[in-house]
Amino acid sequence: MILSIETATSNCSVALHTVLGEQVAIVERNEPNIHASQLFVFINDILLENGISRNQLKAVAVSKGPGSYTGLRIGVSAAKGLCYSLGIPLLSVSSLQGMAHGASKKAGDREALLIPMIDARRMEVYNAVYDWKLNEIVPTQATIIDAQSFVTLSTKPCYFFGDGMPKCKEVLAPCGQFFFIDAVEASASSIGVLAQKKFVEQQFESLAYFEPYYLKEFVSQNTFHKK
């Protein structure tokens, strides 16, 4: 079994997949600020309910970001701790690519571009652009959305989704090639599927040096600069 963890957004999500990529179970809840208190509860529950001991795990996969600074720290720390204690490898998957995987079936268009959006406050989102096969067309970036955003991509159908999409919908809607998919969350379900290929190819992360991909530095609201 591969245990997968997704904590990049408000959705706290844990899934079990076989090493062939088949999903066995998933436990998740989309609620802000529950990762610290609920992540290990979800991990223990999913193992117990499916009769799986920790010693049966072959790897742990984690969403590496971008996303919530605190959520990513909690998810990666939990994944590294499990891998270290069990002596098993760590796998990482882009949060945005995981979302694109989840949206690909809903888009239903092989010519489409998939554009996941994670809310980064105000009119800024973390995003990337993928084709139907999840090849990266535009790398991960932080974008302040305005009427000109993604116009250069509008020669193809563009599907937007994620928790950053709703606030951008009215700004981007005038283009006839822009479409919006509701209810696509960052989920461990997709992380586990994408991690399976990395497991086969032994694309493991270093337990000592792996860090989440924050994209932007964390700045506390209490931080101030003296003149």
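Taking the stated definitions as given, is Ile118 under 18 Å from Pro32 (Cβ atoms), out of contact with any Lys or Arg (no Cβ under 7 Å at 6 or more places or on another chain) and modelled with pLDDT of 95 or more?
yes
Answer with yes or no whether Thr140 is in contact with a Pro (Cβ under 7 Å, 6 or more places away or on another chain) and among the polar types (S, T, N, Q).
yes
Can you say whether Cys168 is surrounded by 11 or more Cβ atoms within 10 Å (Cβ to Cβ), at pLDDT below 90 and of a type outside the set (A, V, I, L, M), as far as the supplied structure shows? Before the answer, list the steps.
On the way: surrounded by 11 or more Cβ atoms within 10 Å (Cβ to Cβ): yes; at pLDDT below 90: no; of a type outside the set (A, V, I, L, M): yes.
No.
When you go through Pro116, Pro66 one by one, which is the residue that is within 14 Å of the chain's Cα centre (by Cα), farther than 16 Å from Pro212 by Cα and touching a residue at least 12 places away in the same chain (Cβ under 8 Å)?
Pro116
Could you grab me the full set of residues in the stretch 182-215 that are among the aliphatic types (A, V, I, L, M), crowded, with 20+ Cβ neighbours inside 10 Å and outside any helix (DSSP H, G or I)?
Val184, Ala186
Being over 22 Å from Val27 (Cβ atoms) and either touching a helix residue (DSSP H, G or I) at 6+ places or on another chain (Cβ under 6 Å) or modelled with pLDDT of 95 or more (or both) is the requirement here; does Phe180 meet it?
Against the criterion (over 22 Å from Val27 (Cβ atoms) and either touching a helix residue (DSSP H, G or I) at 6+ places or on another chain (Cβ under 6 Å) or modelled with pLDDT of 95 or more (or both)), Phe180 qualifies.
Go through the stretch 166-181 and count every residue that is in a loop (DSSP other than H, G, I, E, B) and out of contact with any Pro (no Cβ under 9 Å at 6 or more places or on another chain).
In the first step, residues of the stretch 166-181 are kept if they are in a loop (DSSP other than H, G, I, E, B); the result is 173-177, 181.
Adding the requirement that they be out of contact with any Pro (no Cβ under 9 Å at 6 or more places or on another chain) leaves 173-176, 181.
Residues meeting the conditions: 5.
So which residues in the stretch 134-165 are surrounded by 20 or more Cβ atoms within 10 Å (Cβ to Cβ) and not in a loop (DSSP other than H, G, I, E, B), if there are any at all?
Answer for the stretch 134-165, where residues must be surrounded by 20 or more Cβ atoms within 10 Å (Cβ to Cβ) and not in a loop (DSSP other than H, G, I, E, B): Cys158, Tyr159, Phe160, Phe161.
The values are calculated or read from the model by the stated rules, or taken from the named source; none is laboratory data. Not measured: the values here are computed from a predicted model. All Cβ positions, glycine included, derive from the backbone under ideal geometry; neighbour counts span all protein chains shown.
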